[in-house]
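See below for the structure under consideration.
The values are calculated or read from the model by the stated rules, or taken from the named source; none is laboratory data. Keep in mind that this is a model prediction, so the values were computed, not measured. Note that each Cβ is placed from the backbone with ideal geometry, even for glycine, and that neighbours are counted across all protein chains shown. Please note that ligands, DNA and RNA were not included when accessible areas were found on the heavy atoms of the full protein model with its side chains. Shrake-Rupley method; radii C 1.70, N 1.55, O 1.52, S 1.80 Å.
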Amino acid sequence: MTVPRAHALAAAAAVVVLSVSCASGRPSTRASGTLLGVVVSGPRCPGPARAEFSCPPGPVDGAVVAALAGRRVVASTKTDRHGRFRLALPPATYLIRATNVGGYVSTAQQTVALSPDRSVSITLLLDTGIR
């Protein structure tokens, strides 16, 4: 019996998809939580703060954001030019750590518990070193 070419191609494609999704030993459709965040830095203006002069923290472009489970980095990303980042992670509790780029290196961290199919938003504030 000969198999039509279209059916043979479809079967081959299915084998490739199954092979790719099983290569990691994990199912391809795992429940995950989504961590959305922004990394900002401040102070951005030198001297004492004054009520008549607003100097809010600003976004950090290119900050490294890592999700840690214990001492192990589970996932990491960099912020965009608006300081935003997004990580999809398996449900668990993570230490989220942001490190800025440039001359004055500082870090900020926060513990976050992620649930399946839920999103959590955080803001991490880095120190600019300006006084």
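For this structure, a couple of remarks:
- 3J(HN,Hα) along region 98-105: 10, 10, 7, 10, x, x, 9, 8 Hz, from the Karplus curve 6.51 cos²θ - 1.76 cosθ + 1.60 with θ = phi - 60°, whole Hz, x for Gly and Pro.
- Close amide H contacts of Leu126 (hydrogens built in the peptide plane, cut-off under 5 Å, sequence separation of 5 or more or a different chain): Val40, Ser41, Gly42.
- With all protein chains in place and a 1.4 Å probe, the accessible surface of region 84-131 carries 49 percent carbon and sulfur.
- Computed from phi, the 3J(HN,Hα) profile of region 80-96 under the Karplus parametrisation 6.51, -1.76, 1.60 (θ = phi - 60°) reads 7, 5, 9, x, 8, 8, 8, 9, 9, 9, x, x, 4, 9, 10, 9, 9 Hz, with x in place of Gly and Pro.
- Ordering of 81-94, 34-47 by burial proxy (mean other Cβ atoms within 10 Å per residue, highest first): 34-47, 81-94
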